[in-house]
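The values are calculated or read from the model by the stated rules, or taken from the named source; none is laboratory data. Every value quoted in this text rests on a predicted model; they were computed, and no experiment measured them. Every residue, glycine as well, gets a Cβ built from its backbone with ideal geometry; the counts of neighbours run over all protein chains shown. Quick note on the areas: whole protein, heavy atoms, side chains included, nothing else; ligands and nucleic acids left out. Shrake-Rupley method; radii C 1.70, N 1.55, O 1.52, S 1.80 Å.
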Amino acid sequence: MTATATRTVGTTPITNSKLQSWVDEVAALTEPDAVRWCDGSEAEWNELADTLVRAGTLVRLNDRAKPNSFYARTDPEDVARVEDRTFICSASPDDAGPTNNWMDPAEMKATMTELFRGSMHGRTMYVVPFCMGSPDAAQPMYGVEITDSAYVVMSMKIMTRMGTPILDAMIDSGADFVPCLHSVGAPLEPGETDVPWPCSDTKYISHFPEERAIWSYGSGYGGNSLLGKKCYALRIASAVARDEGWLAEHMLILKLTSPEGRIYHVAAAFPSACGKTNLALINPTIPGWKAETLGDDIAWMRFGADGRLWAVNPEYGFFGVAPGTGWDTNPNAMRAMEKGNSLFTNVALTDHGDVWWEGATTTKPGHLTDWKGRSWTPGKGPDGVDPQPGQRIEPAAHPNSRFCTPIKQTPTLAPEYNSPNGVPIDAILFGGRRKDTVPLVTQSRDWAHGVFFGATLSSETTAAATGKVGVVRRDPMAMLPFIGYHVGDYLEHWLQVGRDHDQAKLPRIFYVNWFRRADDGGFLWPGFGENSRVLKWIAERIDGRADADETPIGSVPAAGSLDVSGLSVGPEDLAAASAVDPEEWRAELPLIEEWFDRIGDKLPADLRTELDNLRNRLG
Ligand code: GTP
Ligand code: SPV
Ligand code: MN
């Protein structure tokens, strides 16, 4: 077994000694059967796919439905991010703060080193060089993931710019990289047979923000194992961004063009499974407005020489929630997937070798294989057993099942998606999933008030993370599980960005809620493409053209200023979706108070002031 970072570029051998020694060190520790440097080629993709099909990890889909695409069923215990097993290992616990799990870095490394020892027995160790964002950026952000999962390698090919061209660019420029170490934690001893989805009951997703390194053990699922995504592009990058004066955020990026041809760029932070991918791929229902996609999950925002905030999407693909994504709600995502070259995880399989999930089509296929591999029939559920009266039919797809698709396949892709500098942001939206209290759209008075919106963002929990679903929790800037340092310092950083820059050039900040419900439980606002009406009001507010009413919580659309022409929603529902109820907001105050108390001494004074002002305005 040899691992070498010495490659031949033309006739000149180039060596990166940090990479070389790290790869050697990991191979010596994890003892894989083989080491493979991933080149990112089609041939490599095909070979890995064939290997995984033979192993039973992947099923090749019908080429006519989804060319070059595959289906994976995970272990039923490895289906989402594990927030309780995610650690920020800063030298001081005070730099991780009350919202992160902390462990001393040396202690974590000692514990995990013993887990990694021999953990790749019987497996291949893949070395995946990647770049988050364009390698042509002023400051290209490289990483190298070492993993013993070929599923991870295939996913990384979709989600990042990876392979030999990236390794060449990294070595040629002498740039540093973030080492990302991953093992599914399931060594195979001689004679032992593999399972389709190897993983471990012991899981650690560990971050070393000072050293800028990531160690992940025990899970093969997306956010736990595709280390360029949440681990690097949010947890590590947020710590880098604080040091360097920029923002690494859980945000989609959208380009909007008005009927007059005016262009607006919007970034929006909604918690996991709260509508980023859907808004990023929106088909506006209002005539004349065009929407184009730049990113659906992560935005890196830096100040340009012009004093404006410019955003890039560091990713190269979508890892989107499948259920609820359908031809009626998100046809652009469906079209992107139809082009193939995709991985589907924990969805259901049709009898014709295609994939299906709740909401994909309005009529359910007559028969499916569900995400646990059981025969599934509509109206009955798994194994064709009639449900007991009142019993809920188990869905065929896991609620956090995902599609993984190259961004280039998006029919609405904005041409700037690959621009190293990105696009200048006009508006930032914060939003969550709240069945009450929070109105359809509110504009902040200024940047600090907008930071208060973000700091107090709340949402009902979803299946994107393990744990109870539907519980309201504070999720600052939709970053609760992704801030790589102390939440109080993070909020102060946001405020400082506002103090350091010209208010007039900063994005305007809004708070949206597509998820308010009627007494019968139904959504008051139709959402999806109809959200373009809210985007139009936001664009008109930026230009000072739309009217607003001042309320204790901020500015809301004045009567007649939200374009509802042709909208099939009754006036009562519309009023209920947009209402600011002082009673509900007074009940919200102690919850915000409790959250601020939890942040502790590092809570920025300006946010206390914002809360006092809100309380006074509510009377
Ligand atoms: P992550 O990938 O986990 O970060 O999620 P996301 O924020 O990208 O969420 P996504 O767009 O995938 O939406 C998650 C779920 O919310 C899906 O089931 C959607 O159907 C649903 N959803 C999205 N937008 C709307 C909306 O405007 N109204 C309603 N009612 N549901 C929506
Ligand atoms: C999220 O949970 O916010 C996701 C999916 O985007 S994961 O890759 O698991 O983080
Ligand atoms: Mn996300």
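For the residues Lys536, Lys380, Lys435, a 1.4 Å probe over the protein chains yields an accessible-area ranking, largest first, of Lys435, Lys380, Lys536. Extending 7 Å from Cα along the Cβ direction at Arg335 and again at Thr111 yields two label points whose distance is 4.8 nm.
Legend: residue pairs Lys229/Lys364; Lys109/Lys157; Lys203/Lys468; Lys157/Lys229, Cα-Cα distance threshold 22 Å; pairs beyond threshold, Lys229/Lys364; Lys109/Lys157.
Ordering Ser401, Val472, Thr362 by Cα displacement along the dipole of the chain toward the positive end leaves Thr362 in first place; charges were set at the Cβ atoms of Lys, Arg (+1) and Asp, Glu (-1).
Taking a straight line from the alpha carbon of Lys372, these lysines sit under 16 Å away, with near neighbours fewer than eight places off in the same chain left out: Lys380.
For the pair segment 116-172 and segment 205-237, the centres of their Cα atoms are 13 angstrom apart. Sorted largest first by accessible area at a 1.4 angstrom probe radius, with every protein chain in place, the residues Lys290, Lys505 fall in the order Lys290, Lys505. Under the convention that each Lys and Arg Cβ holds +1 and each Asp and Glu Cβ holds -1, the size of the dipole of the chain around its Cα centre is about 980 debye. Run through the DSSP bridge list for the chain and note the antiparallel percent, rounded to the nearest 5. That works out to approximately 70 percent antiparallel. Is the shape of segment 163-259 best called rounded, prolate or oblate, per the rule: a/c under 1.5 gives rounded, else a/b larger than b/c gives prolate, else oblate, with a ≥ b ≥ c the square roots of the Cα gyration tensor eigenvalues? In terms of gyration-tensor shape, prolate. Once the 1.4 Å probe is applied to the protein heavy atoms, the chain comes out at 37 Å² accessible per residue. Over all distinct Cα-Cα pairs of segment 17-124, the Kirkwood formula returns a hydrodynamic radius of 17.6 Å. Rounded to the nearest 20 debye, the dipole size of segment 319-406 about its Cα centre is 180 debye, using +1 on the Cβ of Lys and Arg and -1 on the Cβ of Asp and Glu. Solvent-accessible area of the chain (1.4 angstrom probe, protein heavy atoms only): carbon and sulfur portion equals 51 percent. Remark: segment 176-291 carries a charge dipole of roughly 700 debye about the Cα centre, counting +1 on each Lys and Arg Cβ and -1 on each Asp and Glu Cβ. For segment 319-406, the calculated P(r) over all alpha carbon pairs, in 5 Å bins from 0 to the bin holding the longest distance, is 3, 16, 25, 25, 17, 8, 4, 1, 0 percent.
The C-alpha radius of gyration of the chain, expressed as a fraction of 2.2 N^0.38 Å, stands at 0.95. Using alpha carbon centroids, what distance separates segment 294-338 and segment 465-490, in Å? If we compute the Cα centre of each part, the gap is 20 Å. For the chain, the residue among Thr462, Leu254, Ala138 whose Cα projects farthest onto the positive side of the dipole built from Cβ charges is Leu254. Of the residues Ala34, Tyr490, Ala291, the one whose Cα sits farthest toward the positive end of the charge dipole of the chain, with +1 on the Cβ of Lys and Arg and -1 on the Cβ of Asp and Glu, is Ala291. In terms of the mean number of neighbouring beta-carbon atoms within 10 Å, the peptides 226-238, 405-417 order highest first as 226-238, 405-417. Ranked by solvent-accessible area (1.4 Å probe, protein heavy atoms only, all chains present), the residues Phe510, Phe515 order from largest to smallest as Phe515, Phe510.
Per residue, the chain reaches -7500 deg cm²/dmol at 222 nm when only DSSP H runs of four or more residues are counted, each adding -39500 (n - 2.57). Its alpha carbons give segment 82-123 an Rg and a Dmax of 12.7, 41 Å. Tell me, what is the FRET efficiency for Asp520 and Glu594 to the nearest 0.05, using R0 = 22 angstrom and their Cβ-Cβ distance as r? Rounded to the nearest 0.05, the efficiency is 0.15.
In a shell of Cβ-Cβ distance under 12 Å around Gly522, excluding Gly522 itself, what net charge do Lys and Arg (+1) and Asp and Glu (-1) give? Combined, the nearby Lys, Arg, Asp and Glu give 0. Net charge of the neighbourhood of Pro387, taken over other residues with C-beta under 10 Å away and scored Lys/Arg +1, Asp/Glu -1, is 0. The amide H of Gly295, built 1.01 Å from its N in the peptide plane, has Ile253 as neighbours under 5 Å, considering only residues 5 or more places off or on other chains. Mind pulling the angle between the C-alpha long axis of helix 17-30 and the longest principal axis of the chain? Nearest 10 degrees, somewhere in 0 to 90. Helix 17-30 sits at roughly 70 degrees to that axis.
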